[in-house]
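Q: There's a structure below that I have some questions on.
The values are calculated or read from the model by the stated rules, or taken from the named source; none is laboratory data. The model shown is predicted, which means the values in this text are computed figures rather than measured ones. Every residue, glycine as well, gets a Cβ built from its backbone with ideal geometry; the counts of neighbours run over all protein chains shown. For the accessible areas, the whole protein counts, side chains as well, though only heavy atoms, and no ligand, DNA or RNA atoms are used. Shrake-Rupley method; radii C 1.70, N 1.55, O 1.52, S 1.80 Å.
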Amino acid sequence: MDEAQVRLGVSGYLARIEADRFVPGTYQLVVDGTPQSHVNLDQPEELFFEYIQRIGHIIDEIADPGQPITAVHLGAGALTLPRYVEATRPGSRQQVVELERELIDLVREHLPWSKRAQIRVRYGDAREIVAKLPPGLRGTVDLVVVDIFNGANTPAHVTSTEFYASAVELLSPTGVIVVNVADGRGLAFARGQAATLADSVSHVAALAETQILKGRRFGNVVLVGSNTALPLDFLPRLLAAGPHPAKAVAGAELRAFIAGAQVVTDTTAVPSPNPAQGIFQTKG
């Protein structure tokens with residue numbers, strides 16, 4: 001397969017799967033011209049995008065290596081991280097929430113995941129579905145991943161303290177929430193998201209490429225939070241694992257990073273900023 005595509009029913013965006021010309025045997029999901037996922041069907045434990053690699057390293061730190069976990073993924077893409085969890089922690093129970101049914105149908109047909117994987121896909125708005133998840137999940141989830149994009153932007157209603165409070169209710173006492181935040185110079189949006197997540201859980205850290213975390217260029221900041229103290233000795237391991245150069249902030253450094261940014265509420269929430277033209281866009 002060189003390429004397959006579909007028009008999404010909710011957003012109207014064009015979603016296409018294309019072979020990666022530079023990494024044989026891998027594929028990329030592009031939505032509205034923005035690359036959203038990269039998949040290696042034969043080696044799902046191999047992660048390509050830098051921010052996804054950082055999330056993979058965090059997943060590796062949850063529980064003992066290889067131990068199954070319970071995970072909820074808000075935003076599906078091509079299910080890169082659910083595939084990673086299944087490959088590295090077989091037997092994990094996973095819920096995936098996705099707004100666009102046509103997207104999942106496209107991925108399922110052209111980039112099928114392992115039949116052994118215990119992955120249940122739920123369709124609908126992430127915030128609405130989180131509120132309706134089975135009561136038995138609440139307080140039992142080891143990992144919540146928030147990676148929600150409508151084209152190149154994160155919608156405003158999944159950036160507020162009200163949304164995070166609902167998502168955090170799913171976490172077990174030692175559970176971890178991971179949030180992918182895309183932002184540019186000054187990091188006003190990312191700092192607001194860090195403040196908002198810190199309003200919802202007791203401990204937060206931020207990881208990114210050094211120049212991104214300094215607010216000098218557009219990119220992805222990975223926020224990780226928990227109500228159990230993050231073992232800060234894991235930060236050097238995450239940084240050492242790459243990709244490089246990397247930086248992490250927690251504790252006093254995170255408070256300095258937030259630097260007075262206000263907690264985002266439903267009344268103040270805005271979508272994430274648009275990337276500069278040409279940063280992520282590919283030719284349609």
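Q: Determine whether Ile69 is over 21 Å from Gly219 (Cα atoms), surrounded by fewer than 22 Cβ atoms within 10 Å (Cβ to Cβ) and modelled with pLDDT of 95 or more. So that I can check it myself, show each step before the final result.
A: Working: over 21 Å from Gly219 (Cα atoms): yes; surrounded by fewer than 22 Cβ atoms within 10 Å (Cβ to Cβ): yes; modelled with pLDDT of 95 or more: yes.
Taking the combined requirement at face value, the residue satisfies it.
Q: Look at region 17-45 and say how many of its residues are surrounded by 18 or more Cβ atoms within 10 Å (Cβ to Cβ) and charged (D, E, K, R).
A: Residues that pass the stated criteria total 1.
Q: Could you tell me whether region 97-109 includes any residue that is open to solvent by 10 Å² or more (accessible area, probe 1.4 Å), among the hydrophobic types (A, V, I, L, M, F, W, C) and out of contact with any strand residue (DSSP E or B) (no Cβ under 9 Å at 6 or more places or on another chain)?
A: no
Q: Let me ask something else about it. Among what's in region 235-284 and is open to solvent by less than 80 Å² (accessible area, probe 1.4 Å) and polar (S, T, N, Q), pick the residue that is modelled with the highest pLDDT.
A: Result: Thr265.
Q: A follow-up question, please. Residue by residue through region 181-204, note down the ones that are open to solvent by 10 Å² or more (accessible area, probe 1.4 Å), in contact with a helix residue (DSSP H, G or I) (Cβ under 9 Å, 6 or more places away or on another chain) and among the polar types (S, T, N, Q).
A: Ser200
Q: Check off (1) of a type in the set (D, E, K, R); (2) farther than 23 Å from Leu213 by Cβ; (3) at pLDDT below 95 for Asp60 and give me the number that stays unchecked.
A: All conditions pass for Asp60, except number (2).
Q: Within region 27-42, count every residue that is within 20 Å of the chain's Cα centre (by Cα) and under 25 Å from Ala87 (Cα atoms). Before the answer, list the steps.
A: Looking only at region 27-42, we keep the residues that are within 20 Å of the chain's Cα centre (by Cα), and these are 27-41.
Filter once more, keeping what is under 25 Å from Ala87 (Cα atoms): 27-30, 35-41.
Counting residues in region 27-42 that are within 20 Å of the chain's Cα centre (by Cα) and under 25 Å from Ala87 (Cα atoms) gives 11.
Q: Looking at region 151-175, I want the residues that are touching a residue at least 24 places away in the same chain (Cβ under 8 Å) and within 29 Å of Pro35 (Cβ to Cβ) and have a partner that is surrounded by fewer than 17 Cβ atoms within 10 Å (Cβ to Cβ) and basic (Lys, Arg) with Cβ atoms under 9 Å, at least 6 apart or on another chain. Which pairs are those?
A: From residues that are touching a residue at least 24 places away in the same chain (Cβ under 8 Å) and within 29 Å of Pro35 (Cβ to Cβ), the pairs are Leu170/Arg138.
Q: Between residues in region 126-149 that are within 16 Å of Glu100 (Cα to Cα) and residues that are crowded, with 17+ Cβ neighbours inside 10 Å and modelled with pLDDT under 95, which pairs lie under 7 Å by C-beta distance while being six or more apart or on different chains?
A: Here the result reads Phe149/Gln36, each pair linking region 126-149 to a residue that is crowded, with 17+ Cβ neighbours inside 10 Å and modelled with pLDDT under 95.
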